[in-house]
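The values are calculated or read from the model by the stated rules, or taken from the named source; none is laboratory data. Given the structure is predicted, the values throughout are model-derived calculations rather than measurements. Because the Cβ atoms are built from the backbone with ideal geometry, glycine has one as well, and the counts that use them run over all protein chains shown. Calculation scope for accessible area: heavy atoms of the full protein, side chains included, ligands and nucleic acids excluded. Shrake-Rupley method; radii C 1.70, N 1.55, O 1.52, S 1.80 Å.
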Amino acid sequence: MFRTCFNDEWQVRQKPNPFAELSGQAVPFRSVTVPHDAVVESGRERPGDDSGEGGSVAYYPSGVFEYRKTFAVPEEDRGKTVIVEFDGAYRDAMVYVNSAYAGQRPYGYSQFRIDATAFLKYGGDNDIRVETRNHRDSRWYSGGGIYRDTWLLVGGPVRIPPHGVRVATPDIDAERAVVEVAVAVTNDSEFLRTVVACVEIRDRAGARVAIGSAPISLGPRETATLRQRLYVRTPLLWSADSPELYECVVALSDGDVEIDRDAAMFGIRSLRLDPAHGLWINGTTVELRGACIHHDNGPLGAATYAGAEQRRVEILKAAGFNAIRMSHHPMSTAMLDACDRLGMLVLDEAFDTWATAKSPFDYSLHFAQWWERDLEALVDRDFNHPSVVMYSIGNEIPEVGNPAGAAWARRLAEKVRGWTAPASLPMRSTTCSRCSTS
């Protein structure tokens, strides 16, 4: 799908009591650019004030923050799929398009998408409104609001869905690397369609080093996988000491017309783990010198700025670290991109809590219903990042010491193993039938 930055021209306010607003006590909106942390701009409470979380969140108050934005959708987009993607919104995000409920996401650290297609007015302006809330739901400073990037995705009836390109490098030697590319293609039309997918591998300088193409036929309302096996001669391998990156570019064509395009950055590298040699990367034992970091950027709050994320990785690299873990949840896409570019290994963490609460209103309230979709979102987003060498299904989970917790651990681990299998690109619609949220 074609992707456009959606960060500009938002407005925000702390949502007032609706009955107070009806009586004339209106709270005005103000203009902001996302990523934006609405909490860090709030006044702090006094220590000892029980209305918020206290010292664990630096004495910042809880709140409900309301964002809104007006955006135009041209008439020529009628018949296409239009999706709004959020890299993260903290927390319990509720999304409305033209006043209609369009989707939600309880977890504040998952990337999620809202299919806005059914609610749009074409050839004119449209309104999107996002409510986020945080209250006694974190053991650290969480921030609040739309604190990571947003994107507008537009695709025709035949398209590559989000995260529909997966790249694996199962066979590597000094002469060549096998690059296996799996491309999901969706046909939303009522007709059998045949399109051609052209797959290119480009090096860091943008030079094409491998190319392949193949047709794929899809039945009505079908999603299928096209696979290409390409060879990169004399590959430059990705490692923490030499983070060489490649780009996989996929273009769909119907006759002479290009109808969709997607791309994914990746690294050519091999991983092996055994009790004799530990972690092997490209045939060499690597000892992890790791640090755990939180997602906020100090006085900048929780808003994710790509420059700030890169600076943190640079400082850690200069201090001698070669691995990081985000405490205690999925890190931002911007942080992962910085780790890919700079050569920082990542332990990719999913959750801080499962079904047993650590804070009165934390993710445990939603875990049983949402854990599977949140794990899928983590792996879908991070599969191609060469910096990701391990996944963590949980941090300091209280129930792992009992049989019920062990059963949960097995379920989560098997989900990750199945969802990361390069030979089985997960097939599903871009919209969850239960909640209109991917």
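Among all residues of segment 383-398, there is none that is more than 19 Å from SER327 (Cβ to Cβ), touching a residue at least 40 places away in the same chain (Cβ under 8 Å), acidic (Asp, Glu) and open to solvent by 20 Å² or more (accessible area, probe 1.4 Å).
Filtering ARG373, ARG381, ARG417 for residues that are outside any strand (DSSP E or B), farther than 19 Å from ASP92 by Cβ, of a type in the set (Lys, Arg) and out of contact with any helix residue (DSSP H, G or I) (no Cβ under 8 Å at 6 or more places or on another chain) leaves a single hit, ARG417. Could we say that SER56 is more than 25 Å from GLU372 (Cα to Cα), out of contact with any helix residue (DSSP H, G or I) (no Cβ under 9 Å at 6 or more places or on another chain) and assigned to a helix (DSSP H, G or I) here? Yes, satisfied. Taken across segment 406-425, residues that are over 15 Å from GLU372 (Cα atoms) and at pLDDT 95 or above do occur, with at least one present.
If you go through segment 114-132 and keep only what is open to solvent by less than 10 Å² (accessible area, probe 1.4 Å) and farther than 30 Å from TRP354 by Cα, you end up with ALA116, ASN126, ILE128. Considering only residues in segment 1-30 that are aromatic (Phe, Trp, Tyr) and open to solvent by 80 Å² or more (accessible area, probe 1.4 Å), the one that is modelled with the lowest pLDDT turns out to be PHE19. From the list GLN104, GLN111, the lone residue that is more than 29 Å from ARG261 (Cβ to Cβ), open to solvent by 10 Å² or more (accessible area, probe 1.4 Å) and under 18 Å from the mean Cα position of the chain (by Cα) is GLN104.
ARG311 fulfils the conditions (1) over 24 Å from GLY63 (Cα atoms); (2) under 18 Å from the mean Cα position of the chain (by Cα); (3) not aliphatic (A, V, I, L, M) except for a single criterion, (2).
Give the residues of segment 167-182 that are under 23 Å from the mean Cα position of the chain (by Cα) and either under 21 Å from ASN7 (Cα atoms) or open to solvent by less than 10 Å² (accessible area, probe 1.4 Å) (or both), sorted by residue number. If the condition is that a residue be under 23 Å from the mean Cα position of the chain (by Cα) and either under 21 Å from ASN7 (Cα atoms) or open to solvent by less than 10 Å² (accessible area, probe 1.4 Å) (or both), then VAL181, ALA182 are the ones that fit.
Scanning segment 90-126 for residues being part of a strand (DSSP E or B), closer than 26 Å to SER62 by Cβ and of a type in the set (D, E, K, R) gives a total of 1. Would you check which residues across segment 139-158 are charged (D, E, K, R) and either open to solvent by 10 Å² or more (accessible area, probe 1.4 Å) or in contact with a Lys or Arg (Cβ under 6 Å, 6 or more places away or on another chain) (or both) and list them? Answer for segment 139-158, where residues must be charged (D, E, K, R) and either open to solvent by 10 Å² or more (accessible area, probe 1.4 Å) or in contact with a Lys or Arg (Cβ under 6 Å, 6 or more places away or on another chain) (or both): ARG139, ASP149.
Note on segment 183-203: residues that are closer than 12 Å to ILE216 by Cβ, open to solvent by less than 40 Å² (accessible area, probe 1.4 Å) and among the aliphatic types (A, V, I, L, M) total 6.
Quick check on segment 268-286: of everything there that is part of a loop (DSSP other than H, G, I, E, B) and either aromatic (Phe, Trp, Tyr) or in contact (Cβ under 8 Å) with a residue 24 or more places away in the chain (or both), which residue is nearest to GLU180 (Cα to Cα)? That would be ILE268.
Criterion first (at pLDDT below 95, open to solvent by 10 Å² or more (accessible area, probe 1.4 Å) and basic (Lys, Arg)) does ARG46 satisfy it? Considered against the rule, which asks whether it is at pLDDT below 95, open to solvent by 10 Å² or more (accessible area, probe 1.4 Å) and basic (Lys, Arg), ARG46 comes out as yes. Just to be sure, is VAL73 modelled with pLDDT of 95 or more, crowded, with 20+ Cβ neighbours inside 10 Å and farther than 20 Å from GLY108 by Cα? Answer is yes for this residue. Could you say whether any residue in segment 209-223 is touching a Gly at 6+ places or on another chain (Cβ under 7 Å) and open to solvent by less than 20 Å² (accessible area, probe 1.4 Å)? For segment 209-223, residues touching a Gly at 6+ places or on another chain (Cβ under 7 Å) and open to solvent by less than 20 Å² (accessible area, probe 1.4 Å): absent. Looking at the structure I just gave you, is PRO275 closer than 30 Å to ARG91 by Cβ and open to solvent by 40 Å² or more (accessible area, probe 1.4 Å)? The answer is no for PRO275.
Residues of segment 294-331 that are among the hydroxyl-bearing types (Ser, Thr, Tyr) and at pLDDT 95 or above: THR304, TYR305. Taken over segment 225-265, the residue count meeting the criterion of being surrounded by fewer than 14 Cβ atoms within 10 Å (Cβ to Cβ) and in a loop (DSSP other than H, G, I, E, B) is 5. Here VAL154, VAL195 are screened, and the one residue that is in contact with a helix residue (DSSP H, G or I) (Cβ under 9 Å, 6 or more places away or on another chain), among the aliphatic types (A, V, I, L, M), farther than 18 Å from PRO386 by Cβ and part of a strand (DSSP E or B) is VAL154. Being on the phi > 0 side of the Ramachandran plot and of a type outside the set (Ser, Thr, Tyr) is the requirement here; does GLY343 meet it? Spelling it out, GLY343 is indeed on the phi > 0 side of the Ramachandran plot and of a type outside the set (Ser, Thr, Tyr).
Looking at this structure, is PRO161 under 30 Å from SER253 (Cα atoms) and either of a type in the set (Asp, Glu) or buried (at least 18 other Cβ atoms within 10 Å of the Cβ) (or both)? In short, yes.
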